Structure formats: C-alpha cells, structure tokens
Amino acid sequence: MAQTFRKAFSLPNYDVIRWFPGHMAKSMGQMQSQLKNTDCVIEIHDARIPFSGRNPRFSDMIALRPHILLLNKFDLCNKGLKGKVTDKLHSMGVENVLFINCLEFRTKEIQKELMPMIFNAINSRPRYNKSVDYNVMVIGVPNTGKSTFINAFRRMHTNRKRNVAQTGAIAGITRSVNNRIKVHFDPDMFLVDTPGILTPYIPKIDSGMRLSLCGCLPDHLVGEHYIADYMLYWLNKQKKFSYIEKFELEEPTDNVMSFLSHIAKQQNMVKRIKDINNPQFQHALKPNFEQAAQYALKIFRKGQLGNFTIDSDLL
C-alpha cells in the first residue's frame, strides 16, 4: 500500500466539464418569471457533494424566497459526517437542511420533518403570493432527484400512484419548466418541476469532476474514462482501497488504462475491430475500455465500493 499517487487531477480539455445547452438558459428565465407566484424554493442536491456544484445562479431565487436544501441520496453518503455537513451549511447561510433518500420517501420521519419545515420557512417571511394554495418550486443541478422527489411526495400525500414528473438515471431528462403538480391537500400545495441547470462556467476541475462522478453531467460528454480516472484518483487520495477487493486487483493502481484493461478482461468486455495490418482483414479482439469504465462507475454510484461524502475534504 506504500505507493505514491497523484497530488492533483488534470484534464487534457477543460471544456468537457462545461455543459450549458440552450434549454438551460431558457428555463432559467422561465423560473425567474414564475418567482412572483412562488412561496418557497426547494433546492435538491446530491448528499455526496453537498458543497460542490451548487449553481450560484440560483442565489437570487434563494435570497428572494424561503429556501430549503434537500440533500438527496443520503443512503450513499457517509452518514457519520451529517452533523459536520449541516454545521458548515448553516455557517454558509443555509438555514433549512434535510437529508433524504427519495427512493425511500415514505418514512414517517421525513413526513414529520419536511412539511413543518416547508410551512415554517414560508411563514418566516412576508408572503407575496396571496392565493389560497401554496406554490413550491423545485430546483437543482441535473440528475439529483428532483422529479423523483415530486413523484414520491405526490404519492405520499395524495395516494395517486402514477408518476407525473419524468425521471431517469441520466442527466437532462427534464428540459422545460413544467406546469404545477398538485402534491398535497388541506392545504392545497403545488410543486413545479424544473430542468437541472448548471452554471455556464465551472471554476474548478474538482467541482466539475465531482458533479460528473455523481452523474450530474452526461457521461458521454465528459468521457467515461476521464470520470473513471477521477474516481480512481479520489479513492487513492482518500486512501479508500475497497476497489482492490471488488475488482480483484493485486494492489492499488493510479493508472486508469491498466485499471480498465483489468476490468475488461475480468468481465469479458471486448470489441471486435478490423486489423488493417492483416492481409485477410481478420477481426481482432480488443478491450472495451468505454464499457469497462461504465461498469466501474455503476459500481461506484450504487455505493458498492462504500458510502462516501466526496466533499469530505471541504469540511
């Protein structure tokens, strides 16, 4: 284990972590125009990266309306750091913080905590929306569970099982600001689903790669092997060597191509390519590094290497 690892992570092209398609800019304007009818803003972010990647362009909405930060996928982060994460967020001015797992949202603890938190936040400021019902806007970066939260919240409080917000395991499923979705009776409450929106400029490579590692940017745009390389870099830097046993390695490695080659061989992930040097143009078998990287990332994102708070070094 006494091995030297990289002290910093680099990319050959920094632009791969910049993703701001046209629908994001359009939706940002739509969200701001709806703010006058909004009673509360719920921001959903990944609990594994509670500080990295939160969109600074949301700051105006957060400042103008009561705000709640829901840190989703709590089951995948280091639960022992919950107190330290909460304390730091409080010191940053985030008053209302709740850790959740949208896939297990029927727990009584969440029901008892979230609704009072919403109404306490709304009642803490003058209410500019004078309608009888309440409107709550759900915001966040891509693939943090906004639509899953809305569907779970609606099922829990209305006994309606059909999903009304489109969900998926990849970034960018929701692409426009949707109509109000009724999620609660007595009092009537509506949630507004919005697209995941990133900042046009991510100032630090680490922030962008941590977003990528959690699936908040499309894998194919960043490059699966770059994300797998960052995963390897972060695990080694934090001395988290569970990947050795999981992938049946002999020792830690800092070489992503060697790592992916081992996985490809282990999982029989190969692709056939024409060998132009062979006069008969026979198909040669080569490791499928892209498929191996996808497999490694899937293992990490499911928590099979351990439950990590990737931002633990920022505490």
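The values are calculated or read from the model by the stated rules, or taken from the named source; none is laboratory data. Predicted model, so just to flag it, every value in this text is computed and none were measured. Counting neighbours? That spans all protein chains shown, and the Cβs are built from the backbone with ideal geometry, glycine included. Heavy atoms of the whole protein, side chains included, go into the accessibility calculation; ligands, DNA and RNA do not. Shrake-Rupley method; radii C 1.70, N 1.55, O 1.52, S 1.80 Å.
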Practice task
Could you state the angle between the C-alpha long axis of helix 289-301 and the longest principal axis of the C-alpha atoms of the chain, as a value from 0 to 90 degrees rounded to the nearest 10?
Solution key: 40
Fill in the blank from the handout: Ser207 neighbourhood, Cβ < 14 Å, K/R = +1, D/E = -1, net charge +1
Practice task
Determine Rg/Rh for the stretch 199-315; Rg is computed over alpha-carbon atoms and Rh is the Kirkwood hydrodynamic estimate from the same atoms.
Solution key: 1.05
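For the stretch 1-106, what is the Kirkwood estimate of the hydrodynamic radius, computed as the reciprocal of the mean inverse distance between distinct Cα atoms, to one decimal in Å?
Details: mean 1/r = 0.0605 Å⁻¹.
Result for the stretch 1-106 stands at 16.5 Å.
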Practice task
Convert each backbone phi in the stretch 88-103 into a coupling constant with the Karplus relation 6.51 cos²θ - 1.76 cosθ + 1.60 (shift: θ = phi - 60°), then list the ³J(HN,Hα) values in order as whole Hz, x for Gly and Pro.
Solution key: 5, 5, 4, 5, 8, x, 8, 7, 10, 10, 9, 8, 9, 10, 4, 6
Handout entry: Å³ per residue enclosed by the Cα convex hull of the stretch 115-160
Key = 105
Exercise for the section: Could you work out the equivalent-ellipsoid semi-axes for the stretch 50-97, taking the square root of 5 times each eigenvalue of the Cα gyration tensor, largest first, in whole Å? Expected result: 21, 12, 9
Practice task
Enter the angle in degrees (range 0 to 90, nearest 10) between the Cα long axis of helix 22-33 and the first principal axis of the Cα atoms of the chain, meaning the one along which they spread out most.
Solution key: 20
Practice task
Rounded to whole Å and sorted largest first, list the principal axis extents of the Cα atoms in the chain.
Solution key: 77, 44, 37
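Of all DSSP beta bridges in the chain, what percent run antiparallel (nearest 5)?
Details: 9 of 27 bridges.
Roughly 35 percent of the DSSP beta bridges within the chain come out antiparallel.
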Handout entry: Alpha-carbon radius of gyration plus Dmax, which is the widest Cα pair, for the stretch 179-256 in Å
Key = 19.2, 60
Exercise for the section: Enter the angle in degrees (range 0 to 90, nearest 10) between the Cα long axis of helix 108-123 and the first principal axis of the Cα atoms of the chain, meaning the one along which they spread out most. Expected result: 60
Practice task
Give a residue-ordered list of calculated ³J(HN,Hα) values for the stretch 306-315 (Karplus: 6.51 cos²θ - 1.76 cosθ + 1.60, θ = phi - 60°; whole Hz; x for Gly, Pro).
Solution key: x, 9, 10, 9, 5, 8, 4, 6, 9, 7
Exercise for the section: Determine which lysines satisfy two conditions relative to Lys182: a Cα distance under 29 Å, and not lying fewer than 8 residues away in the same chain. Expected result: Lys26, Lys36, Lys73, Lys108, Lys112, Lys130, Lys146, Lys161
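Over the chain, what percent of the accessible surface lies on carbon and sulfur atoms, probe 1.4 Å?
Values: 7640 of 15720 Å².
Looking at the chain in its full context, I get 49 percent from C and S.
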Problem - Label-reachable residues, the stretch 184-213, where backbone N falls under 16 Å from a point 7 Å from Arg127's Cα toward its Cβ - result: 184-191
Fill in the blank from the handout: Note, Pro50: beta-carbon cut-off 13 Å, +1 each Lys/Arg, -1 each Asp/Glu, net +3
